[in-house]
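**Q** Take this structure first; my questions come after.
The values are calculated or read from the model by the stated rules, or taken from the named source; none is laboratory data. The structure presented is a predicted model; accordingly, all values stated were derived computationally and were not measured. Virtual Cβ from ideal backbone geometry, glycine too; neighbours counted across all protein chains shown.
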Amino acid sequence: MKLQDSPRQATEIRPCLHYGTIQIALAAFDQRPEDDGVVGLRGPALELASSDASGYPLLRLEYLATSPQMIPPGFWDYQRILDGLEISNPPIKVLSLTGPVEAELDVPEGLYGLRILRGPNPAYEEPSGEPDEFIDDDFDEEAPPGEPEEHWLIQLWLQAGAPTA
């Protein structure tokens with residue numbers, strides 16, 4: 001017995017935070033998220049408030065064939081389902097602090113349901129309060145970011161009655 005369909009499409013990235021937020025562009029909502037310190041809207045973008053100290057949280061976007069029935073394994077400290085996400089100009093784009101698009105998920109135009117999950121990365125270790133014995137004066141902007149503190153899972157699916165073009 002298969003518990004849940006595999007995603008039709010998925011992408012996993014580590015976007016550079018933009019003022020503590022992950023920005024997902026080209027979306028509009030019938031249902032505006034209110035009184036939520038994690039999810040917000042700015043123009044045609046969904047903003048997710050992140051506290052990832054690395055500045056590069058792990059983000060996975062999944063386009064599902066149907067609404068998810070189960071929560072994926074793992075510890076999730078935030079969960080929210082939103083209805084009425086309108087995508088009229090695909091693809092969905094994850095934006096970066098530096099301006100360019102970090103990743104895209106090409107989905108059909110339509111009205112979607114959206115589930116947002118956030119949880120701590122079990123592999124992340126809190127830095128000790130001890131000062132480093134050696135200080136590296138040669139900071140490298142091109143160096144890969146450290147281990148992410150947060151994992152995000154964004155799942156979306158066409159809502160019943162929405163066109164599947």
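**Q** Among the residues of segment 82-91, count how many are in contact with a Pro (Cβ under 9 Å, 6 or more places away or on another chain) and assigned to a strand (DSSP E or B).
**A** Residues meeting the conditions: 2.
**Q** For segment 109-128, state whether one or more residues are assigned to a loop (DSSP other than H, G, I, E, B), surrounded by 16 or more Cβ atoms within 10 Å (Cβ to Cβ) and either charged (D, E, K, R) or at pLDDT 90 or above (or both). Let's see the steps before the verdict.
**A** Initial filter on segment 109-128 (assigned to a loop (DSSP other than H, G, I, E, B)): 109, 121-128.
Narrowing the set further to residues that are surrounded by 16 or more Cβ atoms within 10 Å (Cβ to Cβ) leaves 121, 124.
Those left that are additionally either charged (D, E, K, R) or at pLDDT 90 or above (or both): none.
The answer is no; no qualifying residue exists.
**Q** I'd like to verify a number: residues in segment 78-107 that are in contact with a Cys (Cβ under 8 Å, 6 or more places away or on another chain) and surrounded by 13 or more Cβ atoms within 10 Å (Cβ to Cβ), how many?
**A** Step one: filter segment 78-107 for residues in contact with a Cys (Cβ under 8 Å, 6 or more places away or on another chain), giving 96-98, 102.
Adding the requirement that they be surrounded by 13 or more Cβ atoms within 10 Å (Cβ to Cβ) leaves 96-97, 102.
Qualifying residue count for the region: 3.
**Q** Moving on to the next point. Restricting attention to segment 9-34, and to residues there that are at pLDDT below 80 and farther than 26 Å from residue 53 by Cβ, which single residue is surrounded by the fewest Cβ atoms within 10 Å (Cβ to Cβ)?
**A** 34
**Q** Return yes or no: is residue 85 out of contact with any helix residue (DSSP H, G or I) (no Cβ under 8 Å at 6 or more places or on another chain) and at pLDDT below 85? I'd like the intermediate steps shown before the answer.
**A** On the way: out of contact with any helix residue (DSSP H, G or I) (no Cβ under 8 Å at 6 or more places or on another chain): yes; at pLDDT below 85: yes.
So residue 85 fits the description; yes.
**Q** Looking at segment 35-77, what strands (runs of 3 or more DSSP E) fall wholly within it and have at least 1 residues that are surrounded by fewer than 12 Cβ atoms within 10 Å (Cβ to Cβ) and either free of Cβ contacts under 8 Å to residues at least 40 places away in the same chain or at positive phi (or both)?
**A** Working: elements: 39-42, 45-49, 58-64.
It comes to 39-42.
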